[in-house]
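**Q** Input: one structure, supplied below.
The values are calculated or read from the model by the stated rules, or taken from the named source; none is laboratory data. Worth saying up front: this structure is predicted, and the values here are computed from it rather than measured. So basically every Cβ, Gly included, is an ideal-geometry build from the backbone, and we count neighbours across all protein chains shown. Remember, those area values only see protein heavy atoms, side chains included, never the ligands or the DNA or RNA. Shrake-Rupley method; radii C 1.70, N 1.55, O 1.52, S 1.80 Å.
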Amino acid sequence: MRYAKNFLYIVGLPALLLIGWVLWSAQSTSFFVPTWEQMTNAFSTTWTWSRMTTDVFPSVGRLIAGIIVSIILGIVVGLLVGSFRWLRQLMEPTMEFFRAVPPVVLIPVFMLLIGIGDDMKIAVIVLGAVWPILLNTVEGVRSMDEVLSDTSHTYRISGVARIRYLILPSAMPQIMAGIRQSLSIALILMVISEMFASSAGLGYTIIQFQRSFAIPEMWSGIVVLGLIGVIMSFIFQIVERKVLAWYHGQREMENAG
Amino acid sequence: MTERDPSKGPAPHDDEAVGRERQVRDLHRLETGGSDDNFPAGYRVASLDTSTRPDPGAPAVSVAQRGATGRRTSTGRARAVRQRRRTWANRLLGLAGIVLFLVAWELLPLLGIVDGRFMPPASAALTDLFAKFGDSVFWIAVWDTLRAWFLGMVIAVVSAAVLGFLIGSSPFLRKFTNSTIEFLRPVPSVALIPLAVLVFGVGIESALLLIVYACFWQVLIQVLYGVADVDVVAMDTAKSYGMGTFARIRYVVFPTALPYLMTGIRLAAAVALILAITAQLIIGTPGLGAEIARAQSGGAYVSMYSLVLATGLLGVIINIIFRAIERQILSWHTSIRSEVK
């Protein structure tokens, strides 16, 4: 009974919205509102396997590559900058500036410097997505528990072991917060880099549909992009719950106690 | 204390000792400011942005939600300490960092590591930027950008705050809308670009659609968490004092949700600028982004770099202003006045 109720809560509003759209589009003559049949047609004809391999998978591949590079770069540089106070003070204003630059304006810059290949797109994704991770890592390293830090000093835990068992775990909650932000930035930059300069990819395809006034196809592209965003955030939540299982447990105990 | 034989059962319950211990603990809690105890030592700094989830007792949905503030999650004690440390020497070091960066930028094209045509030296870009400060075209572009940014922000913040308070104060609505909100939130706003172009063309409305969509979720989520964070005891107290619905919202719910709302607004300010510029760059609505696209396609590369610098400066200024506003409005909040402790 309780499950049924929860289920209703979850599907209730989306179902209502869907029904509303189907009913409304059936009587609407608006050019921009496709009907149910048009949409399902557009979906089955547009997102075929060949389209997936030529446009979707390369885009997602660049996205994943960009995210992985930003995570590694962000954590490594963040650990470095966070560990040395002078380095942090040296870098802080410059990083503050780079963070404030809207990452999309780097697309024309990188187009000039690197060209319009995959490299450029991945570089744009990395340069936009690395800042939340980097700055959160710095902040995570800084806000380390002093007692833990002193204890590990006393036990002469240093070098790799110190990073592996002390710094990384204690900064991990903040790092994950940074990664969460980076994911959405990376997705946005993937789309835009393809919209601005490309001849293939998801962003390009959607813009192409819009330019040729293929409205149902354009909507289906928007839905696909949305689905990618939703799937990404879903995967992230699973990973985060795994990585930070100890932390959630600790917080629960502290909240209960 | 005398040795006891363990075989004779558990130690007698020492009420006095337990009571004393509790007293000490309570006193300690009072002194340290209470709620801090809920966080492991490393994370108590994040008071403003912490527990941005509906029920602090429930298992955390995502830690990231707590700290998802962009940067500098540390407030409270850490900030006080940091501010004290931030002496002039540190600022000089920061300045040295900027100079170092500029020198590196200057040297890259001069030494021929990158093509000087595609990456003019820093001095050229800076000179061009200063020249632009006297140029009305530049200021019109800045004004267009800021106007889209401001309008989009206001629409998003007002609608999200109103809806957030409405949804947040009804458990039914919260449960009912949860799945939809969680589904729509990660949808990237740039997916709406083609729609915006079709419906609104290159007008400012296109930019507004993107900005409002992106900022709306940021603020809404924060307000929802904030409203859910209302202290049950405070609410019950207000009820038993006979405060009406409006008074309760004004004096109990609003102050609790305000820090969350401010966090949402600060995040939205940064996001809105990014999307304003994106819309200008991709769609071509007038503003700094459109100027950059024009400079790039026209081969005016020095101008392009100086405009990129200008957008960065704009971003920095907006960040600084909003951090100052947040500190001003929340000056009563413990996370800001931590120096008092």
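**Q** Working from Cα positions, state the angle (0 to 90°, nearest 10) between the long axis of helix A:245-256 and the longest principal axis of chain A.
**A** 80 degrees
**Q** Something else about it: Treating only the Cβ atoms of Lys and Arg (+1) and Asp and Glu (-1) as charged, compute the dipole magnitude of region B:130-270 about its Cα centre; round to the nearest 20 debye.
**A** Details: 9 positive and 7 negative charges, 45 e Å.
Around 220 debye, computed over region B:130-270.
**Q** Can I ask one more? In a shell of Cβ-Cβ distance under 13 Å around B:TRP143, excluding B:TRP143 itself, what net charge do Lys and Arg (+1) and Asp and Glu (-1) give? Write down the numbers at each step before the final one.
**A** Numbers: positive: B:ARG147; negative: B:ASP135, B:ASP144, B:GLU291.
Counting the neighbours of B:TRP143, the net charge comes to -2.
**Q** Compute the separation of the alpha-carbon centres of region A:165-222 and region B:241-295 and state it in Å as a whole number.
**A** 21 Å
**Q** Given a 1.4 Å probe and the protein chains all in place, what does the accessible area of B:LYS175 round to, in Å² to the nearest 10?
**A** Taking all protein chains as shown, B:LYS175 has close to 100 Å².
**Q** Can you give me the C-alpha center-to-center distance between region A:1-57 and region B:124-159, rounded to a whole angstrom?
**A** Region A:1-57 and region B:124-159 have Cα centres separated by 39 Å.
**Q** Using the heavy atoms of the protein chains and a 1.4 angstrom probe, tell me the accessible area per residue for chain A in square angstrom.
**A** 49 Å²
**Q** Right, another one. Considering only protein heavy atoms, what is the solvent-accessible area of B:ILE274 at a probe of 1.4 Å, reported in Å² to the nearest 10?
**A** Rounded to the nearest 10, the figure is 50 Å².
**Q** Counting only protein heavy atoms, what percent of the accessible surface of region A:50-247 is carbon or sulfur at a 1.4 Å probe?
**A** Values: 5640 of 8120 Å².
Of all accessible area on region A:50-247, carbon and sulfur atoms account for 70 percent.
**Q** Compute, for region A:50-247, the length of the dipole vector about the Cα centre, with Cβ point charges of +1 (Lys, Arg) and -1 (Asp, Glu) only. Units Debye, rounded to 20.
**A** On the way: 14 positive and 12 negative charges, 57 e Å.
So the dipole magnitude of region A:50-247 works out to roughly 280 debye.
**Q** Mind listing, in residue-number order, the residues in region A:224-255 that have at least 40 Å² less accessible area with every protein chain present than in their own chain alone (1.4 Å probe)?
**A** A:VAL230, A:GLU240, A:TYR247, A:HIS248, A:ARG251, A:GLU252, A:GLU254, A:ASN255
**Q** What number results when the radius of gyration of region A:50-247, computed over Cα atoms, is divided by 2.2 N^0.38 Å?
**A** Details: Rg = 19.4 Å, N = 198, 2.2 N^0.38 = 16.4 Å.
Compared with the compact-globule rule of thumb, region A:50-247 sits at 1.18.
**Q** If you roll a 1.4 Å probe over the heavy atoms of the protein chains, what accessible area per residue do you get for region B:258-341, in Å²? If you can, show how the numbers build up before the last one.
**A** Details: 2920 Å² over 84 residues.
Using a 1.4 Å probe on heavy atoms only, each residue of region B:258-341 averages 35 Å².
**Q** Give me the summed buried accessible area for the A-B pair, 1.4 Å probe, to the nearest 100 Å².
**A** Values: alone 16020 and 20280 Å², together 29440 Å².
Rounded to the nearest hundred, the buried surface is 6900 Å².
**Q** Provide the convex hull volume over Cα atoms per residue for region B:135-334, in Å³.
**A** Values: hull volume 25.9 nm³, N = 200.
Looking at region B:135-334, the number lands at 130 Å³ per residue.
**Q** Just the accessible area for B:VAL316, please: 1.4 Å probe, Å², rounded to the nearest 10?
**A** 30 Å²
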